[in-house]
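Student: Got a structure for you, questions after.
The values are calculated or read from the model by the stated rules, or taken from the named source; none is laboratory data. Computed from a predicted structure; not experimentally measured. Here the Cβ positions follow ideal geometry from the backbone for every residue, glycine too, while neighbour counts run over all protein chains shown.
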Amino acid sequence: MNDAEEKTSKPFDPLEPLRAMRDAYLDAMAKTMVEAVNSEAYAQATGAMLEGYLTASAPMRETLDKSMIQALQQLSLPSRQEVAALAERFTNVEMRLDDMDAKLDALREFMHPNGSASKSDASQRADAPATPVTKPGPGTTASANRSKARRRFVRRGAGPPKR
Amino acid sequence: MEPDVASLNAFVDLEQRLQTFTRVLTTKAPIAQTSKELVWALNKAKLYRYTPVVPAKDRYPIPLLLIFAIMNRPSILDLRPGHSFVEFMVGCGYDLYLLDWGAPGFEDRHMNLDDYALEYLPRAVRKVKAISGSREFSMLGWCIGAILTTIYAAMRPDDGLRNLLLLTAPLDFSNRNGITFARWTDEKYFNVDTILDAFGNMPGEMIDYGAKALKPVENYISNYCKLWDNLDDPEAVEAWHAMNTWVTDIIPMAGGAYRELIVELYRHNRLMKNELVVRGERVDLRRIRASLLTVIAAGDHITPPCQSEAILGKVGSRDKELYRIPGGHIGIMAGSAAPRTTWPHIEQWLSARSR
């Protein structure tokens, strides 16, 4: 086989002859399954299965939880509930700090109505240096910059498969 | 007998295809790569500001805050370079912010929808306004994020929300026959408390199963056939890889919020009836005055169009638009057609209202 033939020849795919048949089968199967999952019977069956599993596993989960709490106590380690309570307290502290930050911002704005809300915020502000994708020329306007970016995106096409 | 060169080449090619197939299924693609800076954090929530690429004088003065669902990663908005809504909007000159809710832990199992909408969201909004220096802002909510933004917009109408964009918003649950999830979570069959008593939060695996089981053949079989068929197309493979990375990155949903979603919304449709009470106050949709764009995916099986249509008649906004587009729940924003259809429409709508 010469180079030209090699380039144009299709790669070997063992599923190729079966593809049309496969697609037709999958389409039919998809329609049937969508109808099935939309039925009351499916909702009832999955609900019953889930309930059954959770009810059956509950005693084991409870036993495991109790023995784990005892083991952690023996090792002088905090339980899951205790760590969770601690995390909740941390979140509360974070919220109080955020409240204070907001009050400080309000105070600053009251004192300097035309100034920035906060010093730290000001450094992140809209006037922070930008990283231009394209160098704006002498006559470049804002809208020209923006439409250039739009065109660039529309040109790149192909995307991921549908979910 | 000499070996047939063509057959050998075919086997080499098959080996390469199998290697690519395995790589894509077993590795994570680099996603969410647009440059950003963490500007605020509270518990698991993080607010990011995307690094502007348009000079300050050319940018829109009204910042845009993106709010995604609480049971998926928001990286779908910034899937991969060259195919990212975030990159597109930053390139168009928006001062862009993303609120990432993070993955709730056991300690967050009591968090409700109102904690998200009225505790976290207003704080993030305050930060956006402080950083941007603007008293007004725009907000885009997608999926459950649209529920949160709607509650926020109704409860805080004077916070400076100028534009509200709702993408595939599950707000109206009145057409129970048209919503598969409503049937599955009916109180006759589904006991939400049994699950939450067992796990605390709603496990991500169960949410993922629920989403995939709506179209089982497509999600469990056809999806992989499509990958196999396109293995010779590097662009399609990378797109599939990025999407698969996002789809498989599953997180749980806070127990309290899940219970409210099922009981208050799916079963009793309280938000659309103006009966939802949060923190002792009724959520009245008529209080929403911001300009409203509702984007509906015509082929959405997760949030059927009937769930997003009625909102336009319920809000107090004078400037409102419904934009219907072919595609699925995720496809309208992350599919191959999105950069030519959904993104430009959103940008044009917002552009006229962001000066």
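Student: Could you please tell me which pairs satisfy a Cβ distance under 8 Å, a separation of 6+ or placement on different chains, a first residue in segment B:73-97 that is within 7 Å of chain A (Cβ to nearest Cβ) and surrounded by fewer than 24 Cβ atoms within 10 Å (Cβ to Cβ), and a second residue that is among the basic types (Lys, Arg) and assigned to a loop (DSSP other than H, G, I, E, B)?
Tutor: Matching pairs, first to second residue: B:82/A:156.
Student: Okay, next question. Residue A:105 - would you say it is in the same structural domain as residue A:37 (by TED's automatic domain parsing), among the charged types (D, E, K, R) and either out of contact with any Pro (no Cβ under 9 Å at 6 or more places or on another chain) or closer than 30 Å to residue B:210 by Cα (or both)?
Tutor: Taking the combined requirement at face value, the residue does not satisfy it.
Student: So residue A:61 clears everything in (1) exposed (fewer than 12 other Cβ atoms within 10 Å of the Cβ); (2) more than 27 Å from the chain's Cα centre (by Cα) except one condition, right? Which one?
Tutor: (1)
Student: Moving to a separate point now. So is residue A:84 at pLDDT 65 or above, under 30 Å from residue B:203 (Cβ atoms) and surrounded by fewer than 11 Cβ atoms within 10 Å (Cβ to Cβ) or not?
Tutor: Numbers: at pLDDT 65 or above: yes; under 30 Å from residue B:203 (Cβ atoms): yes; surrounded by fewer than 11 Cβ atoms within 10 Å (Cβ to Cβ): no.
Criteria not met by residue A:84.
Student: Please name all residue pairs, on different chains or six or more residues apart, with Cβ atoms under 6 Å, provided the first residue is in segment B:222-234 and is at the interface with another protein chain (Cβ under 8 Å from one of its Cβ atoms) and the second residue is surrounded by 14 or more Cβ atoms within 10 Å (Cβ to Cβ) and among the hydrophobic types (A, V, I, L, M, F, W, C).
Tutor: B:222/A:26; B:227/B:240
Student: Moving on. Go over the candidates B:242, B:257 one by one and state the one that is within 14 Å of chain A (Cβ to nearest Cβ) and small (Gly, Ala, Ser).
Tutor: On the way: B:257 fails: within 14 Å of chain A (Cβ to nearest Cβ).
After ruling out the rest, the residue left standing is B:242.
Student: A follow-up question, please. Quick check on my filter: what residues within segment B:205-219 are within 18 Å of the chain's Cα centre (by Cα) and outside any helix (DSSP H, G or I)?
Tutor: B:214
Student: Out of B:117, B:124, B:153, B:182, report the one residue that is part of a helix (DSSP H, G or I) and under 15 Å from residue B:267 (Cβ atoms).
Tutor: B:182
Student: Count, please, the residues in segment B:131-147 that happen to be part of a helix (DSSP H, G or I), hydrophobic (A, V, I, L, M, F, W, C) and more than 16 Å from residue B:46 (Cα to Cα).
Tutor: Residues of segment B:131-147 that are part of a helix (DSSP H, G or I), as a first pass: B:131-132, B:144-147.
Going one step further and asking which of them are hydrophobic (A, V, I, L, M, F, W, C), we end up with B:131, B:144, B:146-147.
Now restrict to residues that are more than 16 Å from residue B:46 (Cα to Cα): B:144, B:146-147.
Adding up the residues that qualify gives 3.
Student: Would you pick out the residues in segment B:318-327 that are of a type in the set (Gly, Ala, Ser) and surrounded by fewer than 21 Cβ atoms within 10 Å (Cβ to Cβ)?
Tutor: none
Student: Something else now. How many residues, within segment B:185-204, are polar (S, T, N, Q) and either outside any loop (DSSP other than H, G, I, E, B) or more than 20 Å from residue B:72 (Cβ to Cβ) (or both)?
Tutor: Residues meeting the conditions: 2.
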